[in-house]
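The values are calculated or read from the model by the stated rules, or taken from the named source; none is laboratory data. Note that the structure is predicted; figures quoted are calculated from it, not measured. Virtual Cβ from ideal backbone geometry, glycine too; neighbours counted across all protein chains shown.
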Amino acid sequence: MAKVYLGPAGIPQFVVKAKSTLDAVKVVRELGLNAMEVEFVQGVRMSRELAKQVGKAAQDYQVKLSVHAPYFINLCSEEADKVEKSRQRLVDSLDRAYYMGAWVVVVHAAYYGKLGPERCYEKVKEELEKAYKESGIGSGVYIGVEITARTNQFGSVEEAFRLGKELSFVVPVIDWGHLYARNNGSINYGEILDLWAREFGNAHMHTHFTSVRYRNGKFVDEHEPIERNMPPFEPLARELKNRDITITLICESPLLEKDALLMKEILEQVGVNLA
């Protein structure tokens with residue numbers, strides 16, 4: 001059976017309204033959840049000192065932390081200044097993650113642009129190596145290269161897994177909703193879990209879950225409540241019952257902790273408890 005960490009992407013707002021990131025750690029645990037992703041998506045505005053306090057709270061309440069880097073990152077931009085600023089945002093995210101004891105920083109790395117997939121891959125790899133070195137953290141925090149929803153974005157399963165094999169500080173982050181959209185409404189949970197086991201063995205798997213919207217004949221990267229079942233969560237829960245894997249499930253539904261609790265209920269119904 002899987003060892004599962006489950007929680008919201010950001011500060012609880014619906015079942016209980018947390019006052020801050022620091023308060024959110026306590027709230028997450030009181031709700032019966034055991035993970036939280038700290039959202040730097042609009043910029044890294046947390047001081048090192050606050051990061052340390054958040055990390056101490058996470059230790060005290062036994063909540064597994066991760067970080068989401070800013071959205072404004074494109075390591076394959078044609079403009080050198082934008083690449084430089086993108087890399088600095090990732091460096092700042094790694095720094096705060098290190099001080100709060102978060103184990104992974106999730107990033108949407110790039111758009112292919114004029115480089116095309118293969119040249120973009122090499123550029124992303126080069127910039128991630130620079131960012132990790134410039135962060136000065138040495139080790140202890142991974143860069144999580146996220147599976148993306150749009151086919152013009154860097155972040156196919158093949159690209160993320162390849163980077164994870166070639167760079168020791170990179171792990172693929174499986175966004176199940178993104179993968180469902182990228183495949184235009186198709187997903188095979190078992191296939192991805194099998195691939196992970198082959199490539200990374202029993203390494204900790206970090207994932208995101210949300211439903212996505214169907215509009216104008218295709219699935220798009222707009223988050224919807226879990227109950228929309230696009231993709232359905234229960235088949236993943238059933239797969240996890242039969243897997244010896246450590247996995248984090250971060251709920252990115254608009255309903256945050258409310259839907260994380262729904263996911264917990266579904267897991268428990270199929271016989272999977274949180275770690």
- Message: Given the condition modelled with pLDDT of 95 or more, part of a helix (DSSP H, G or I), of a type outside the set (D, E, K, R) and under 27 Å from residue 17 (Cα atoms), answer yes or no: does some residue in the stretch 176-189 qualify?
- Response: yes
- Selection from the stretch 193-243 of residues that are farther than 23 Å from residue 265 by Cβ, in contact (Cβ under 8 Å) with a residue 24 or more places away in the chain and of a type outside the set (Phe, Trp, Tyr): 195, 197, 199, 202, 203, 204, 218, 220, 221
- Item | Exclusive hit being modelled with pLDDT of 95 or more, more than 15 Å from residue 37 (Cβ to Cβ) and not aromatic (Phe, Trp, Tyr), set 249, 236 | 236
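Here's the yes/no breakdown for (1) under 17 Å from the mean Cα position of the chain (by Cα); (2) closer than 30 Å to residue 34 by Cα; (3) of a type in the set (S, T, N, Q):
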{"residue": "61", "(1), (2), (3)": "no, yes, no"}
{"residue": "66", "(1), (2), (3)": "yes, yes, yes"}
{"residue": "72", "(1), (2), (3)": "yes, yes, no"}
{"residue": "83", "(1), (2), (3)": "no, no, no"}
{"residue": "86", "(1), (2), (3)": "no, no, yes"}
{"residue": "99", "(1), (2), (3)": "no, yes, no"}
{"residue": "106", "(1), (2), (3)": "yes, yes, no"}
{"residue": "123", "(1), (2), (3)": "no, no, no"}
{"residue": "132", "(1), (2), (3)": "no, yes, no"}
- Being among the aliphatic types (A, V, I, L, M), surrounded by 15 or more Cβ atoms within 10 Å (Cβ to Cβ) and touching an Asp or Glu at 6+ places or on another chain (Cβ under 8 Å) narrows 236, 167, 163 down to just 167
- Message: Quick check on the stretch 122-143. Is at least one of its residues on the phi > 0 side of the Ramachandran plot, surrounded by 15 or more Cβ atoms within 10 Å (Cβ to Cβ) and of a type in the set (Gly, Ala, Ser)?
- Response: no
- Within the stretch 50-68, is even one residue closer than 26 Å to residue 122 by Cβ and either touching a helix residue (DSSP H, G or I) at 6+ places or on another chain (Cβ under 7 Å) or among the acidic types (Asp, Glu) (or both)? yes
- Message: Checking residue 183 against (1) crowded, with 17+ Cβ neighbours inside 10 Å; (2) over 18 Å from residue 64 (Cα atoms): exactly one of these is not met. Which one?
- Response: (1)
- Go through the stretch 127-172 residue by residue and tally those that are outside any loop (DSSP other than H, G, I, E, B), small (Gly, Ala, Ser) and farther than 30 Å from residue 184 by Cβ. 2
